[in-house]
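Here is the structure we will look at.
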Amino acid sequence: MGPTAGKVISLPASTDSSGSGGRSPRAAEITYRVLGTIVGIGLGAMSAFWTTMLTPLYVIIGGAVIRLPVAPIVVLVANVAIFWFTRYVTGHTGLGVLPAVGWLVVVGEAGSTRAEGDLLITGNNWVGIVTILVGAIAWAIGPYLALLRSRHTGGGRMPSRLTIGRGARR
């Protein structure tokens, strides 16, 4: 056996002493925020798509059609959760509201008649109308709760959870 047998040898990964792989911590933080915002907008669009698909759910009991209000419950929970996710990832309340744009685009298209006559959210389905109302209110509930929380903690801005490099701030 050689002179290094049984010893741990560690080699430097790069000559950059900051540990950030050549990128500045600020650039990595901005990249993280941009990607978090894009993911949030995509999640907002997916929330609108899936709740639109849930609006026509119904059961027939004794010959009567009973609509199931699953979509308003799902959209309330999903939209508030997407706001909190995006706010947490980006560190900004304003960026946390941007997924509402993706949600509004999909809901607007779902409520518009296509050339073929297709319509996903109809006016004679009270669940669809309530889903749009609750979904829009949910995008206001998240920032309102964030405002209340910031007043209790004394800070207006959420601290960044991202730590990159040696001199990164918390």
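The values are calculated or read from the model by the stated rules, or taken from the named source; none is laboratory data. Quick caveat, the model's predicted, so the values are computed rather than measured. Please note: Cβ atoms are built from the backbone with ideal geometry, for glycine as well, and neighbour counts cover all protein chains shown.
Some values worked out for this structure:
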read-out: Members of the stretch 93-119 that are modelled with pLDDT of 90 or more, touching a helix residue (DSSP H, G or I) at 6+ places or on another chain (Cβ under 8 Å) and either of a type outside the set (A, V, I, L, M) or assigned to a loop (DSSP other than H, G, I, E, B) (or both); value: Leu98, Pro99, Gly102, Trp103
read-out: Filtered residues of the stretch 120-135 (kept if buried (at least 16 other Cβ atoms within 10 Å of the Cβ), part of a loop (DSSP other than H, G, I, E, B) and of a type in the set (S, T, N, Q)); value: Asn125
read-out: Single match in Trp139, Trp126 (criterion: at pLDDT 85 or above and more than 15 Å from Ile73 (Cβ to Cβ)); value: Trp139
read-out: Breaking point among (1) touching a residue at least 12 places away in the same chain (Cβ under 8 Å); (2) out of contact with any strand residue (DSSP E or B) (no Cβ under 6 Å at 6 or more places or on another chain), for Val127; value: (2)
read-out: Index of the failed condition, Val77 passing every other in (1) within 22 Å of Ser150 (Cα to Cα); (2) of a type outside the set (Ser, Thr, Tyr); (3) more than 12 Å from the chain's Cα centre (by Cα); value: (3)
read-out: Conditions (1) surrounded by 13 or more Cβ atoms within 10 Å (Cβ to Cβ); (2) at pLDDT 85 or above; (3) within 20 Å of the chain's Cα centre (by Cα): number failed by Ser160; value: (2)
read-out: Any hit, the stretch 81-90, residues being in a strand (DSSP E or B), more than 10 Å from the chain's Cα centre (by Cα) and surrounded by 14 or more Cβ atoms within 10 Å (Cβ to Cβ); value: no
read-out: Residue in the stretch 64-76 that is surrounded by 15 or more Cβ atoms within 10 Å (Cβ to Cβ), hydrophobic (A, V, I, L, M, F, W, C) and assigned to a loop (DSSP other than H, G, I, E, B) present; value: no
